[in-house]
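Structure first, then comments.
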């Protein structure tokens, strides 16, 4: 919500440099993170340095205040406006270090006083930011442009205001600096710059002052005509009249909003004395009262309410001042708003109230205050969450305890049917789960999908929560709508510790889902090898079938989990088991193109010629799906090349149809017989391409004929006119 002015200025060091004499050197860059270090060759005179070396030496000399060397380098013809990677020239460095004598030498020899670093600005920007008053005087005498804007630093006046230096502010204002100038140039540019991340966007110096400066400095700005209603966002001289006619200014943050965020309440009071409209809001619907409430400036909250601020106004997202105060945990702000009649049960667009927000933050005192002044303890968000759901989700045990003591509905359900116990278990908050169970939460409550808290905790792998639920008596074999037990769910996500605990506690190892999947089938499907091994060790049915006839080996082959496949084969899984449609593990591995699984199955003597209900073999499906690597593996095991599917197609027919010439050649070499179709030696793909070429040729001929007719018609008309 904030325009980000503080994030820019606060990371720029504004303390002066106390070094002096030839040893003077500024303390690094304006962010005060590191020191410039221009590496120069040793034991060489300035005259023998190349041009680039001299230029670097000039920057170093300017930073360190080496006036004689600077004069010497100038005589050697150095580029006086040479800049470093940040775009800083020697004059920038002199300004940064506060070296007025160096600045004078550079300016006398033609240094550009308005040299602009793309991000940081001119030497005047740096001098103002670092409070180098003597350098500022030198620059102002040289008629430097006081209105130039830096991408991050706006104008020199912005920098001076941030540095809290009244004398520098007065000096700039005496030179005609506009107090209304903003960091954008026009409406379109302002919008584009702000959207692309310019950090101080279009704030005026007055805005910066209200955000950071003491009351004493504000007087200087106001005496020179700064407008309290000059809006953040557009270059507008005065919006007071507009504010009188409407309460919303598109895309703007006014000075009263900046003042509302200032820690010094006197700054806001000085603004309010101008009798401006305190209910102006920006494009997001934020008012000054909301900014004060969000920042916890409760004195400013009181002042704004005294000035007529509307207390229950909503932002575009539905936030009110009391919601913002509660969200940030500002107890005094909530209290001040409540005393003036703020409706604590108003909700955001998503249904969140101030109580929901306070519960999310875990601020017990704010929660208690809201409950004391009438907050609805069982209010629901759009998704059906109550404050108890939110507190449980975040694990705020004291807030949960307070809500339960006051009488929150312990088994309230969200739209999806989740109770606070579901939510706390999902997040693994064991103490919250224990408290809810002690108070009487339904341990086997079900969501819309039929999941119990045990399902949810097991899904997330929260072993301690699972153990607690089992100790209290949770139904270990409860089923979801799809028939999944907690064991199925734990196997699905590979939580082996949870799986082991469930099995030790008596979970049915061969329970089936609606589709017939066992925990082993689910673990094989997901490739959780250790879970598979554990289930096999306990003694599950290795060849149990789903309703479609698939066994664990089949699904492992389909998914390409080769280590699971190898383990199942070692334990004795039926390598040639068939689904309802006749598919085998080898067939499905070939269909999916899992070549390593195919090789393993072939090495384990899988039936290479097994046919589906449609007569398809592993070889036929491999060619149809273009898995030529699998084809090469299969052909080495001498499959029956004369087998045909129910449509009469052989492997050679498929190879020709798919355009696999090399595969067709290998099949012929191994004795595959050509059918009437294969003797045509054209695949359907080739014939389709021929038809497409013919169609394109006809269309092209038609286009040319139409163009020719147009040309002839134009020629005829020309002859007629003559």
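Confirm whether residue 117 is in the same structural domain as residue 76 (by TED's automatic domain parsing) and either closer than 22 Å to residue 55 by Cα or modelled with pLDDT of 80 or more (or both). Answer is yes for this residue.
Inside the stretch 635-722, counting only helices (runs of 4 or more DSSP H) that do not spill past its ends, which hold 1 or more residues that are at pLDDT 85 or above?
651-657, 661-669, 684-721
Every test in (1) crowded, with 22+ Cβ neighbours inside 10 Å; (2) more than 27 Å from the chain's Cα centre (by Cα) is passed by residue 308 save one, and that test is (1). Just one of the listed residues (351, 374, 362, 333) is more than 25 Å from the chain's Cα centre (by Cα), surrounded by fewer than 20 Cβ atoms within 10 Å (Cβ to Cβ) and either farther than 22 Å from residue 427 by Cα or free of Cβ contacts under 8 Å to residues at least 60 places away in the same chain (or both), and it is 374. Applying the selection to the stretch 85-108, what residues are surrounded by fewer than 19 Cβ atoms within 10 Å (Cβ to Cβ) and assigned to a loop (DSSP other than H, G, I, E, B)? Across the stretch 85-108, the qualifying residues are 85, 86, 87.
Listed here are the residues, each with its yes/no results for (1) at pLDDT below 95; (2) under 25 Å from residue 349 (Cα atoms); (3) surrounded by fewer than 20 Cβ atoms within 10 Å (Cβ to Cβ).
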{"position": "368", "(1), (2), (3)": "no, yes, yes"}
{"position": "381", "(1), (2), (3)": "no, yes, yes"}
{"position": "394", "(1), (2), (3)": "no, yes, yes"}
{"position": "406", "(1), (2), (3)": "no, no, yes"}
{"position": "412", "(1), (2), (3)": "no, yes, yes"}
{"position": "423", "(1), (2), (3)": "no, yes, no"}
{"position": "427", "(1), (2), (3)": "no, no, yes"}
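Keeping to the stretch 443-461, report how many residues are in contact with a helix residue (DSSP H, G or I) (Cβ under 7 Å, 6 or more places away or on another chain) and on the phi < 0 side of the Ramachandran plot. Within the stretch 443-461, residues that are in contact with a helix residue (DSSP H, G or I) (Cβ under 7 Å, 6 or more places away or on another chain) and on the phi < 0 side of the Ramachandran plot number 11.
The values are calculated or read from the model by the stated rules, or taken from the named source; none is laboratory data. Values in this document were obtained by computation on a predicted structure and should not be read as measured data. Please note: Cβ atoms are built from the backbone with ideal geometry, for glycine as well, and neighbour counts cover all protein chains shown.
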